[in-house]
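Accompanying notes for the structure given below.
Each value in this text was obtained by applying a stated rule to the coordinates, not by laboratory testing. Quick caveat, the model's predicted, so the values are computed rather than measured. Cβ coordinates were reconstructed from backbone atoms using ideal geometry, including for glycine residues, and neighbour counts include every protein chain displayed.
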Amino acid sequence: MYDVIIIGSGPAGLSAAIYAKRAALSTLVIEKNPLSGGQILNTYEVDNYPGLPKISGMELGQKMRAHAEEQQVAFVTATVTRLRDCGDYKIVSTDGEEYQTKSVVLAMGASHRQLGVPGEEELCGMGVSYCATCDGAFFKNREVAVVGGGDVALEDALFLARGCSKVHLIHRRDAFRGAKVLQNQVAQSDRIVCHMDTEVEQIVGEDMVEKLLIYNKKEQTREELPVQGIFIAVGIVPNTGQMEGLPQMDEQGYLVAGEDGATSVPGIFAAGDCRTKQLRQVITATADGANAITSVERYLYHM
């Protein structure tokens, strides 16, 4: 019987594990992949995590994992399939075992929705990015593209236009879905070129992104777009879809939880990108992990 089981080993899960062990809680981390770090593993360089400028996502993930191991956190690699609430204790079922615990921290994270085009996976972290605020600074004075039509895509284009020489905003429909105020700002920018009714068919490059092959559905024309980077902003998907017995979720599948991580089920807490929140970044994920364990302690000891 563990005091807490943490599901997920991204920044939120690793932060929770470190705080849990420092609080002298018997702790188990169940991770789907043996390489800890979550989404940051796909980020070539993280330049906005305080105190560690210009660190690679891989190195940051390894440092967090090493810190957890120094605290003697136990790790198991498995896929969690079901979570059962049995009142004073919970049962976590994986594809091979069952574990009992007094509390659970759900930190499965989220995945960026992909375009699913040739070159996307091969060049991920080498010009293909899913986070303009994370990676935009590396493309100063360069030509880039943003794919999407919602608020995030418009915000990304405006953000990138501050430092990039030109931003191609590619949207598959004939009108943006984002807020009107953002649309107006995009229209007023002399650095943003909009490509409506257009889809990306292929991302091309050797070691880095070199160009895009795009198709205009309305004109039925294809062209090559020379860019050094592409920022894909077509949404993210919380990693909650494959697990049974989860607490209350919103319409998008995010676990409903506030800053304290408390969910609709006593003893089950959420941290990181899988919970409802305003900003999904490494720094907010690590803060979530710390908050969740503080809530776990209050739950266990009724403080």
Using a Förster radius of 35 Å, what is the FRET efficiency between residue 278 and residue 91 based on their Cβ-Cβ separation? Nearest 0.05, please.
0.60
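Report the net charge of residues surrounding residue 45, where surrounding means a beta-carbon distance below 11 angstrom and charges are Lys +1, Arg +1, Asp -1, Glu -1.
Numbers: positive: 54; negative: 47, 59, 135.
Charge balance near residue 45 sits at -2.
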In whole Hz, the Karplus estimates of ³J(HN,Hα) for segment 62-73 (6.51, -1.76, 1.60; θ = phi - 60°; x where Gly or Pro) are 5, 5, 5, 5, 4, 4, 5, 5, 4, 7, 6, 6
Report the calculated FRET efficiency for residue 62 and residue 259 (r = Cβ-Cβ distance, R0 = 35 Å), to the nearest 0.05.
0.80
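Figure the gain on full extension for residue 26 and residue 151 (residue separation times 0.36 nm, minus the Cα-Cα span) and round it to one decimal in nm.
Working: separation 125, 0.36 × 125 = 45.00 nm, distance 4.22 nm.
Between residue 26 and residue 151, full extension yields an extra 40.8 nm.
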With just the Cα atoms defining each centre, how far is segment 145-202 from segment 96-124? Give it in Å.
28 Å
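If we count every other residue with Cβ under 13 angstrom of residue 83's Cβ, Lys/Arg +1 and Asp/Glu -1, where does the sum land?
Around residue 83, the charge tally is 0.
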Take the chain, connect every pair of alpha-carbon atoms lying under 10 Å apart with a spring to form a Gaussian network, then pick out the residue of 265, 209, 146 with the largest mean-square fluctuation.
265
GNM top mover of 133, 276, 221 - the chain, alpha-carbon springs below 10 Å
221
Suppose the chain between residue 82 and residue 121 were pulled fully straight at 0.36 nm per residue; how much longer would it get relative to their current alpha carbon spacing?
11.1 nm
Amide H neighbours of residue 168 under 5 Å, at least 5 residues apart or on other chains, H built in the peptide plane: list them.
144, 145, 146, 193
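Under 12 Å from the Cβ of residue 268, count the other residues' Cβ atoms, weight Lys and Arg +1, Asp and Glu -1, and hand me the total.
Values: positive: 84, 90, 102, 275; negative: 85.
With Lys, Arg at +1 and Asp, Glu at -1, the net is +3.
Could you give the length gained on full extension between residue 74 and residue 210, defined as 0.36 nm per residue of separation minus the Cα-Cα distance, in nm?
Working: separation 136, 0.36 × 136 = 48.96 nm, distance 4.31 nm.
My answer for the length gained is 44.7 nm.
Counting each DSSP H run of 4 or more residues in the chain as -39500 (n - 2.57), what helix-only mean residue ellipticity at 222 nm follows after dividing by all residues, to the nearest 500 deg cm²/dmol? All intermediate terms of the calculation are to be shown ahead of the outcome.
On the way: 6 runs with 70 residues, N = 303.
Result for the chain: -7000 deg cm²/dmol, rounded to the nearest 500.
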Set the Förster radius R0 to 25 Å, insert the Cβ-Cβ distance between residue 202 and residue 52 as r into 1/(1 + (r/R0)^6), and round the FRET efficiency to 0.05.
0.10
Among 179, 110, 287, the residue with the largest mean-square fluctuation in a Gaussian network model of the chain built from Cα contacts under 10 Å is 179
Show the residues, 5+ positions off or on another chain, whose built amide H is closer than 5 Å to the amide H of residue 257.
276
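For each pair in 166/211; 54/140; 32/90; 63/140, compute the distance between the two Cα atoms and list the pairs where it is over 22 Å.
Values: 166/211 14 Å; 54/140 15 Å; 32/90 19 Å; 63/140 28 Å.
The answer is 63/140.
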